[in-house]
Every structure is written in structure tokens, then in C-alpha cells.
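The structure appears below as C-alpha cells.
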Amino acid sequence: MDNQKVNWKRSFFTIWAGQAVSLITSAVLQMAIIWYLTEKTGSAMVLSMATLAGFLPQALGGPFIGVWVDRWSRKKVMIMADLIIAAAAALLAVAALYMELPVWVIMLVLFIRSIGTAFHSTALNAATPMLVPEEQLAKCAGYSQSVQSVSYIVSPAAAAFLYSVWDLNAVIAIDIAGALIACFAVALIAVAKPEGKPLAAASHFAGEMKEGYEALKQHKGLVALLWIGGLYIFAFMPINALFPLMTLDYFGGTMKHASAAEIIFAVGMLAGGLLLGAWGGFKNRPLTIIASIFVMGLAVMIAGLLPANGFAAFTVCCALMGFSGPFYSGVQTALFQERIQPEYLGRVFGLLGSVMALAMPLGLVSSGVFADQIGVNRWFMLSGVMIIGIAVLSLFIPAITQLDRPQQPADNGMRGEH
């Protein structure tokens, strides 16, 4: 593993480049499918179901997916996941040749693709510490965040152009090509296997999931971060969904204004990801995470306090929201990768993804109940206060603020040697 990490930049950036292509082409196809469903059905319920299909596999299957990732070669899991995503897209293309696509076929394909994505993201997060030196993990997470930001910026415009000049099958073909490029990039790289005990193929899932949770429990600060993250996603996800409504209803803007707000958010996220990649955040990484949450909450709260003619100031808030994001998610990912023994990382990231994915719909449902009654701007203000409260709460949890101490008090031998 040490010899492999000597040339870590070549390994990481080869995978990173392949994933960048695949992530962008997948985002373009996802946007094109949303527009196809909007054009064919005009149903908000159908669009909600499409969103549900996107996160349900991770929400319900995260712990199971984590066990499989820890059982199998993470390199093979990434390749197979990309092939599944490509095969699901090909299935959609073949169906489109013979019929007008029924909604249920599209939902099935979205569900299969999201299963592939859940496997791939869990395996990639678990494999990264086998490729990258520990002190570089936060920077690499920043670069990964920047790729995600580019996909957010590029996909709406690219999908609009491609969908208008070609049919859906052409967009699907581009996505299949992107998935194959990602497979090829992963195939070029050797990914070392964790040095822990191998998992028996016939062992029980429940026991293996429990082992993963026990590995996480050795680090009280990471457990606290897991639940703080769930609260954070619960508070922020409704804001993410209500962006267009805030622009159109409260500020009286047009669809162009709504698109501009989304793009400015993504540009801010790109800037934050690139800065994290170059800098790595404060030396005290818990402080980086808490500061990120606080800045996000402050920007959201100010956005909710703006007058109806304050759209220009709202775009500044959008940029700040996007900018702060990578310093939370990227640094948190790096901390989990550093502190958890490699052979348990799949299960731990599966659990982390499951908590985050379950927090999303809970937050969306709560916003749907209250935002219409109190006004979307007041909901922004209350969510901002809630997020600031989460940041302040984190400051009073010693397990989080002391996460960067060299020795964890409850390691009990679970952490592997570096």
C-alpha cells in the first residue's frame, strides 16, 4: 500500500478524470429525463417519484451495500456499478426505439441507476484511503466536490441544448460513453485490498453490519458528526428544493432568475471545492466543519430576511451557501476515511449515506407542511437559524471539537496502522 501511495497523484487523478466525465454525462441525462417527464406528464407527483427513486436505494440499502463493498474488491465494485448504470441507460434506449416510454419504465431505470450510484460512491469513498496519503484526503475530497459542482453548472444547459437538437436516445448514448470511460479509468489503476480480516462469503449480514457499527462506535466524535450531519441535511435540503420558489414567488423573478440563482450556487461550490483542494482547510478540521455549517446558516438566514426587491443580495447569499458546502462535506469525508480501519469503511460509508438519505425526505416533508403557511422567505430564515444552532451545538460537543487529537480514547485496537 505504501509503494502505491508514492504515485498517488497519478492513481487518484486517473480515477478522478474518469469519474468527472461520467458524473457530468449522468447529470446531463438525469436532467434530460426530468424534462422528458415534465413534457410528457406535467405532473408534480411524477417528478417527486423520480426524485424518490434517486435516493431510496441509498436510504434503505446503505448498510447492506456497505457489507458487499467490504466483502468484494472495491475496484471491481466500481467497474460493475458503472456497467450497471450504463446497462440501465441502454435498456431505456432500446425501449424508446419500440414505444413511447411509459413512466414506470423510466422509474425502473432511474431506480436501477441509483442502485449503481450507491454502490459506486460507497466503494469509491472506501477505496480512496488505499490510494491517497492520509494528509491529502481533505484536498482530494475538495477536488471531488469541484467535479460535482461542474456537473451542476454544465448539466442544465447541456441537457437543454442536446434535448432540443437530438432525441433522448442521443443523450443516453453520451451517458453510456461516459460510464465506459469511467470503467476504463478505474481498470487502469491498482487498488490495494484492506489488510484486515477477510469477510467470509457465508457469514451473516447482520453480524457484519454490527461489526461496521462497532468500528464506528470506537470514535465518538465520528458518531456525533454522523448525527449532526443528519440534522444538517434535514435543515438544508428543503432550502435546496425551495430555491426556485424563493426566486419566482418571493422575489417575483423569472425562470432565468431561478436558473441564475442555481448556477451561482454551483459556481460558489466550485470555488469552495477548488480552494479546499489547494488549501485543505484549517489545521483544526472540526473548526473547518463547524465554520462551514455556521456560514451556511448565516447565508440562509440573511436570504430569508431580505426584502422582496433584494434578489441581487440573494445571489450573493447563494454564492456563500455553495462556497461553504465543500468545507463541511469534503472535510467530514476525509475524517471518516482517516479514522476508520479500511476493512470497515464500506459499511461505515453505507451507514453514513443511509442516514443522510433518510434525512432528506423528512426535511422535505416538514418544509412542505410549513413553508406554504408561513411563507418561503420565513422558512429560509427559520432554517438558517436552525443551521446556525447546529453549528453552535457542535461547539459544545467535546467529541467533535477534540476529533483532531492524535489519540482517540476509545480506539481499542480497531484502527489500523498507517
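For the pair residue 217 and residue 188, what calculated FRET efficiency results from E = 1/(1 + (r/R0)^6), where r is the Cβ-Cβ distance and R0 = 45 Å, to the nearest 0.05?
In this case the efficiency is close to 0.75.
What does a probe at residue 378 reach in segment 227-270, counting residues whose amide N is under 19 Å from the point 7 Å along Cα→Cβ?
Within reach of a label on residue 378, which here means backbone N under 19 Å from a point 7 Å along Cα→Cβ, segment 227-270 contributes 238-239, 242-243, 245-252.
Summarise the accessible area of segment 120-268 (1.4 Å probe, protein heavy atoms) by the percent that is carbon and sulfur.
With neighbouring chains kept in place, the figure for segment 120-268 is 67 percent.
For the chain, go through all pairs of different Cα atoms, get the mean of 1/r, take its inverse, and jot down that Kirkwood value in Å.
On the way: mean 1/r = 0.0453 Å⁻¹.
Every distinct Cα pair counted, the radius reaches 22.1 Å.
Where Lys and Arg each count +1 and Asp and Glu each count -1, what net charge lies around residue 23 among other residues with Cβ under 15 Å from its Cβ?
Net charge in that neighbourhood comes out at -1.
Based on the Cβ-Cβ distance from residue 7 to residue 405, what FRET efficiency comes out when R0 is 30 Å, to the nearest 0.05?
So, using R0 = 30 Å, E works out to roughly 0.45.
Relative contact order, percent, of the chain when contacts are C-alpha pairs under 8 Å separated by at least 6 residues? Please report the intermediate quantities before stating the final value.
On the way: 643 pairs, mean separation 114.5, N = 418.
About 27 percent, as a whole number.
May I ask you to list the chymotrypsin sites (Phe, Trp or Tyr not before Pro) in segment 81-174 that are in a DSSP loop and have at most 14 other Cβ atoms within 10 Å of their Cβ?
166
For residue 274 and residue 108 in the same chain, what is the full-extension length gain: residue separation times 0.36 nm, less their Cα-Cα distance, in nm?
Numbers: separation 166, 0.36 × 166 = 59.76 nm, distance 3.56 nm.
Length gained between residue 274 and residue 108: 56.2 nm.
Among 305-315, 130-140, how do they line up from the highest to the lowest mean number of other beta-carbon atoms within 10 Å?
Per-residue Cβ counts within 10 Å, averaged per peptide and sorted highest first, yield 130-140, 305-315.
Any idea of the accessible area per residue across segment 249-366, 1.4 Å probe, to the nearest Å²?
36
Can you give the FRET efficiency to the nearest 0.05 for residue 249 and residue 157, using r as the Cβ-Cβ distance and R₀ = 25 Å?
After rounding to 0.05, the efficiency reads 0.55.
The values are calculated or read from the model by the stated rules, or taken from the named source; none is laboratory data. The shown structure was predicted, so the numbers you read here are calculated from the model rather than taken from an experiment. All Cβ positions, glycine included, derive from the backbone under ideal geometry; neighbour counts span all protein chains shown. Note: areas computed on protein heavy atoms with side chains; ligands, DNA, RNA excluded. Shrake-Rupley method; radii C 1.70, N 1.55, O 1.52, S 1.80 Å.
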